[in-house]
1. Which one is least open to solvent (accessible area, probe 1.4 Å), of the residues in the range 117-162 that are in a helix (DSSP H, G or I) and polar (S, T, N, Q)?
2. Quick one: count up the residues across the range 89-116 that are closer than 15 Å to Thr148 by Cα and part of a loop (DSSP other than H, G, I, E, B).
3. Can you tell me which residues in the range 107-156 are at pLDDT below 95 and of a type in the set (Val, Ile, Thr)?
4. Scanning for something of a type in the set (Asp, Glu) and in contact with a Phe, Trp or Tyr (Cβ under 8 Å, 6 or more places away or on another chain), does the range 85-96 turn up at least one residue?
5. Pairs only if they're at least six apart or on different chains, beta carbon under 8 angstrom, first in the range 107-134 and within 13 Å of Gly156 (Cβ to Cβ) and without any contact (Cβ under 8 Å) to a residue 24 or more places away in the chain, second open to solvent by less than 70 Å² (accessible area, probe 1.4 Å) and among the aromatic types (Phe, Trp, Tyr); list them, first residue then second.
6. Only one of (1) at pLDDT 90 or above; (2) part of a helix (DSSP H, G or I); (3) of a type in the set (Gly, Ala, Ser) fails for Gly60. Which number is that?
7. Can you tell me which of Gly60, Gly101, Gly64 is surrounded by fewer than 17 Cβ atoms within 10 Å (Cβ to Cβ) and not polar (S, T, N, Q)?
Amino acid sequence: CIRDSANAARITGHDHGAGAHDWASLTRATWLGAMPEPWHIDWLTGYAVTHTVFHLTDWGRLPGGLPADIAGYLRDWLPMWTDIWAETSQWDLMAELMIVGNCLPDPATEAEDWQRLAELQHADGLVPRDDKPVDDDPAQRFEDHQHTTIVAVVAGTIAVNRALNEPGRAAA
């Protein structure tokens, strides 16, 4: 997608000159940029929202990359969306939304969400993607749940990093 390419160009120092990306236009061209009624979100759109935020903020490194109105929209609706995906046991999307919360200019996650993830985590560190049984075969366990486990680690890492780099702010 164009915003992924734009972020890659920014990270590598190639986002300059006449060909520089128009981040405002790219942002407004996304589902999130249009800020539709929040109940219009579905599972696939949820992932599009998370990745839009990841690229706009460079995984929380540039929280100012989110326009103020979009940051406010996310602050208002993330708790509801996180609860919905938790209720449906879509732990991967819930954890991605937790990353989004920590990419906001004023990070926002709820202690209950961290508790949910901690309670789901297996002794070997695996975080299941959903409520389906976890296979005992190590290769299948990895195949089925590696992404969610990584997403949970990234969520925690970004939360701790933001807390450590913003004096006076404690991680939720």
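1. Here is the first cut: in the range 117-162, the ones in a helix (DSSP H, G or I) are 117-120, 138-162.
If we keep only those that are polar (S, T, N, Q) too, we end up with 140, 146, 148-149, 157, 161.
On the way: Gln140: 70, Gln146: 71, Thr148: 2, Thr149: 34, Thr157: 82, Asn161: 85 Å².
Filtering first and then ranking leaves Thr148.
2. Total satisfying the criteria: 2.
3. Listed by number, the list holds a single entry, Thr109.
4. To start, the set of residues in the range 85-96 that are of a type in the set (Asp, Glu) comprises 87, 92, 96.
Imposing the further condition that a residue be in contact with a Phe, Trp or Tyr (Cβ under 8 Å, 6 or more places away or on another chain) reduces the set to 96.
Yes, the conditions are met somewhere in the range 85-96.
5. none
6. Only one criterion is unmet by Gly60, namely (2).
7. Details: Gly60 fails: surrounded by fewer than 17 Cβ atoms within 10 Å (Cβ to Cβ); Gly101 fails: surrounded by fewer than 17 Cβ atoms within 10 Å (Cβ to Cβ).
Unique residue meeting the criteria: Gly64.
Every residue, every condition in (1) under 19 Å from Ala155 (Cα atoms); (2) out of contact with any Pro (no Cβ under 8 Å at 6 or more places or on another chain); (3) without any contact (Cβ under 8 Å) to a residue 12 or more places away in the chain, yes or no:
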{"position": "Trp39", "(1), (2), (3)": "no, yes, yes"}
{"position": "Leu44", "(1), (2), (3)": "no, yes, yes"}
{"position": "Ala48", "(1), (2), (3)": "yes, yes, no"}
{"position": "His51", "(1), (2), (3)": "yes, yes, no"}
{"position": "Arg61", "(1), (2), (3)": "yes, yes, yes"}
{"position": "Leu66", "(1), (2), (3)": "yes, no, no"}
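The values are calculated or read from the model by the stated rules, or taken from the named source; none is laboratory data. This one's a predicted model, so the numbers in the text were calculated from it and none came from an experiment. Note that each Cβ is placed from the backbone with ideal geometry, even for glycine, and that neighbours are counted across all protein chains shown. In case anyone asks, the SASA skips ligands and DNA or RNA and just uses the protein heavy atoms, side chains included. Shrake-Rupley method; radii C 1.70, N 1.55, O 1.52, S 1.80 Å.
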